[in-house]
Amino acid sequence: MKILVTGGTGYIGSHTCVELLDNGYEVVIVDNLSNSKREVVDHIKEITKKDVRFYEGDVCDKTLMTKVFTENDIAAVIHFAGLKAVGESVKKPLLYYRNNIDSTLTLCEVMSEFGCKKIVFSSSATVYGSPKSLPIKEDFPLSTTNPYGSTKLYIEGILRDLYTSDNEWSIALLRYFNPIGAHKSGLIGENPNDVPNNLMPYIVKVATKELEILNIYGNDYDTKDGTGVRDYIHVVDLAKAHVKAIEKILRDRGVDAYNLGTGHGYSVLEIVETFKRVNGVDVPYRIVDRRPGDIAACYADSSYAKEKLGWTAEKEIDEMCADSFNFIKKNR
Ligand code: NAD
Ligand code: UD1
């Protein structure tokens, strides 16, 4: 059975392709390589010893997407393709709305035309804004503070409207918490070209001395040690959830949202200390002002994903820190 993975050469997409192939699915990737490299396709093949069909191009390109669906009998789609840098989205909102929303509209139009009405969408915990209590459940109020987050919220709304208009659709909205880690092989992982915005890629570059020092954004939050608390989840656990979501949408119609996290909150200082201990490296840091837009703490109640998808995260924080560093050591 063929699954189309948009954004399949990206960080989460590549790990998901591996899990799909390992579970007997065939994989077709469309990616414009705006934030990933072609060699990832070879690495996916090397890990799984399976073939993958790759189309380099833009999901907003309706002619290309029609060609992909004409040439492949696609059973379901996982839609990762999107831009994801929060700061850039504030500076270039039109780019984010155009890319993230247009790609989704084009994809869904072509899916409709070909009678393929099963889609898993990459949403984010960012749709909860500043949560009123913890852990976060799927029925919490939704709000966003930046254009990136708004694209996720709007797309969730678009997909819900689509289901309302046509009950033949099966749609899973996956709200990721903070993915880190990498595949054990060290062949795929996250290696941003620019100075990273997110914590783990930044820590890794300080550990390898590519960057001098980690700035910790505030130690005066109302948390266990004053630094921000997040729900870090191993990217391989996250990838496995996509296989479960595919099974679910192949089985049942409807639209539903699922939190994908571990349910554990770790502070920035805890992550730094764990990374140092597990990898035997130094990570110099200093405390600086809070980052505008950051919240104090965020972690998931993922019991709904357990109940409905039969999925729970299994990997612990030590393994996440070790695998993040292993990937960068092999790919510097
Ligand atoms: P990524 O940037 O590594 O992967 C996204 C891929 O999509 C890239 O390979 C990029 O080249 C491709 N792409 C972007 N726009 C495209 C387009 N119009 N046509 C074709 N390809 C396009 O990001 P990721 O971390 O793997 O995230 C995947 C998805 O999950 C994104 O939608 C992101 O917003 C969402 N998400 C990520 C996180 C996270 O922390 N990584 C958290 C929550 C949600
Ligand atoms: C960020 C995004 C969010 C997105 C999520 C996953 C922002 C404001 N939010 O969330 O929309 O869904 O990534 O991709 O960018 N930190 C430091 N120093 C650093 C980097 C981070 O102290 O150099 C701290 C942050 O203040 C936070 C924690 O580390 O407390 C995690 O930060 P980050 O990895 O950027 O993720 P989020 O802020 O949760």
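Any read-out appearing in this document is the output of simple, stated calculations on the displayed coordinates, not a laboratory observation. Note that the structure is a prediction, hence the values are computed from the model and not measured. All Cβ positions, glycine included, derive from the backbone under ideal geometry; neighbour counts span all protein chains shown.
Under the simplified labelling scheme, the Asn23-Glu314 pair shows an inter-label distance of 1.3 nm, with each label point 7 Å from Cα along Cα→Cβ. Multiplying the residue separation of Lys50 and Ile158 by 0.36 nm and removing their Cα-Cα distance gives an extension gain of 35.4 nm. Phe69 sits among other residues whose Cβ lies under 14 Å from its own Cβ, and their net charge, with Lys and Arg +1 and Asp and Glu -1, is +1. Label reach from Lys329 (point 7 Å along Cα→C-beta): in the range 167-201, amide nitrogens under 18 Å belong to 181-191, 201. Computed from label points 7 Å out along Cα-Cβ, the spacing between Glu168 and Asn193 is 4.1 nm.
Once divided by 2.2 N^0.38 Å, the Cα radius of gyration of the range 39-91 becomes 1.46. Along its three principal directions, the equivalent ellipsoid of the range 190-332 from the Cα gyration tensor extends over semi-axes of 30, 19, 13 Å, largest first. Where both partners of a DSSP beta bridge lie in the range 161-268, what percent of those bridges are antiparallel, to the nearest 5? Here the share of antiparallel DSSP bridges comes out near 15 percent.
Size of the range 1-106 from its Cα atoms: along the principal axes, largest to smallest, the extents are 42, 27, 19 Å. The share of Cα pairs per 10 Å bin across the range 170-220, counted from zero up to the longest distance, runs 19, 43, 26, 10, 2 percent. Which of the pairs Lys2/Lys330; Lys45/Lys329; Lys152/Lys330 have their Cα atoms more than 25 Å apart in this structure? Pairs exceeding 25 Å: Lys2/Lys330; Lys152/Lys330.
Lysine pairs in the range 182-298 whose alpha-carbon atoms fall under 18 angstrom of each other, counting only those eight or more residues apart or on distinct chains, come to 4. Based on the reciprocal of the average 1/r between different C-alpha atoms, the Kirkwood radius for the chain equals 20.1 Å.
Applying Stokes-Einstein at 20 °C and 1.002 mPa s to the Kirkwood radius of the range 66-150, computed over alpha-carbon pairs, gives a translational diffusion coefficient of 145 µm² s⁻¹. Rounded to the nearest 5, what is the percent of antiparallel bridges among the DSSP beta bridges in the chain? The answer is about 5 percent antiparallel.
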